[in-house]
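Participant: Below: one structure in structure tokens.
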Amino acid sequence: MFEARITQGSVLKKLVEALKELVTEGNFDVSNTGLSLQAMDSSHVCLVSLTLREDGFDHFRCDRNMAMGIHFGNLSKILKCAGNEDTITLKAEDNADQLTLMFEAPSQDRISDFDLKLMSIESEHLGIPDQDYSAEVKLPSSEYQRIVRDLTSIGDTVLISATKEGIKFSTSGDVGTANITLRHNTTPEKPEEQTFIDLKEPVALTFALRYLNNFSKATPLAPQVKLSLTKDLPIVVEYQVGELGSVRFYLAPKIDD
Amino acid sequence: MHQEPLTAYFPSA
């Protein structure tokens, strides 16, 4: 028996909206520590890693480990039927072929349930080591969204370089070139409006803007986003989802042929 | 330029 209840159901709606265009399907792995997902996009250059902790839910029960194969487009269709203020409960029997989603309005006068058909999905788990990065940059998620959106209108790839001067995003295309530099800035009173640059060594890597732009669909989940960069390694774009957990996007760098 | 698949960076667990 698996059961997970979250009062702030809109978080689940936002999570699925953030993932569904990158990955069409994947396994929700549930255990007594929580719910996780690892899924790659069809070209295998980007990976979504979602971790929701058991204690972040208002109620969580999982009697045995299960992998529930989810089609995210279908899950999104069902979650669109939930109100933004609804409490959402996920339920499945052991070895079930469906996941039940129950939506309760705050006034308790409307309760609905939907069954999502589960799929059998062969998925490859990657071992992602904990490691120190050359540069870690925390910035407002709205700022990240703006940068990648603006640069996507100019070019296809972005060179991200972190130095002691700041973090610079550069692109070029048919219309010309663009450079946006952010400096370490802890002046704003609100922590979520600050930019923190933790630099161990300068690093510069090139990435496809299409993916970085797609990751910014997670903006509604968190006021800040963390970018982690190390030479010759995928970038990590991480959104902390309150006390519930995090969603991380990994993207392989563009390298010279 | 090209991209290597993520499996080139992270081993299968």
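The values are calculated or read from the model by the stated rules, or taken from the named source; none is laboratory data. Source: prediction; values computed, not measured. FYI the Cβ positions are ideal-geometry reconstructions off the backbone, even for glycines, and counts take in every protein chain you see.
Participant: Let me confirm something: among A:233, A:244, which residue is within 14 Å of another protein chain (Cβ to nearest Cβ) and more than 9 Å from the chain's Cα centre (by Cα)?
Facilitator: Residue meeting the stated conditions: A:233.
Participant: Just give me the residues in segment A:67-82 being surrounded by fewer than 21 Cβ atoms within 10 Å (Cβ to Cβ) and either modelled with pLDDT under 95 or not polar (S, T, N, Q) (or both), in sequence order.
Facilitator: A:67, A:69, A:71, A:73, A:77, A:78, A:80, A:81
Participant: Only one of these conditions is not met by residue A:95: (1) part of a helix (DSSP H, G or I); (2) loosely packed, with under 15 Cβ neighbours inside 10 Å. Which number is it?
Facilitator: Every listed condition holds for residue A:95 apart from (1).
Participant: Quick one: in segment A:247-257, which of the residues that are within 14 Å of chain B (Cβ to nearest Cβ) and of a type in the set (A, V, I, L, M, F, W, C) is surrounded by the fewest Cβ atoms within 10 Å (Cβ to Cβ)?
Facilitator: Residue satisfying both the conditions and the ranking: A:255.
Participant: Give A:48, A:30, A:11 a once-over and let me know the one that is among the β-branched types (Val, Ile, Thr), closer than 30 Å to residue A:208 by Cβ and in contact with a Phe, Trp or Tyr (Cβ under 7 Å, 6 or more places away or on another chain).
Facilitator: Answer to the check: A:48.
Participant: Determine which member of the set A:55, A:97, A:109 is among the acidic types (Asp, Glu), more than 14 Å from every other protein chain (Cβ to nearest Cβ) and in contact with an Asp or Glu (Cβ under 9 Å, 6 or more places away or on another chain). I'd like the intermediate steps shown before the answer.
Facilitator: Values: A:97 fails: in contact with an Asp or Glu (Cβ under 9 Å, 6 or more places away or on another chain); A:109 fails: in contact with an Asp or Glu (Cβ under 9 Å, 6 or more places away or on another chain).
The conditions single out A:55.
Participant: Another one. How about segment A:131-158: which of its residues are at pLDDT below 95 and more than 19 Å from residue A:252 (Cβ to Cβ)?
Facilitator: Passing the criteria: only A:132.
Participant: Quick check on segment A:218-230: of everything there that is farther than 18 Å from residue A:157 by Cβ and either modelled with pLDDT under 95 or within 14 Å of another protein chain (Cβ to nearest Cβ) (or both), which residue is surrounded by the fewest Cβ atoms within 10 Å (Cβ to Cβ)? Give the derivation first.
Facilitator: Restricting attention to segment A:218-230, the residues satisfying the condition of being farther than 18 Å from residue A:157 by Cβ are A:218-226, A:228, A:230.
Checking the rest, the ones that are also either modelled with pLDDT under 95 or within 14 Å of another protein chain (Cβ to nearest Cβ) (or both) come to A:228, A:230.
Working: A:228: 21, A:230: 19.
Selected residue: A:230.
Participant: Could you check residue A:108 against (1) within 20 Å of the chain's Cα centre (by Cα); (2) at pLDDT below 95 and say which number it fails?
Facilitator: (1)
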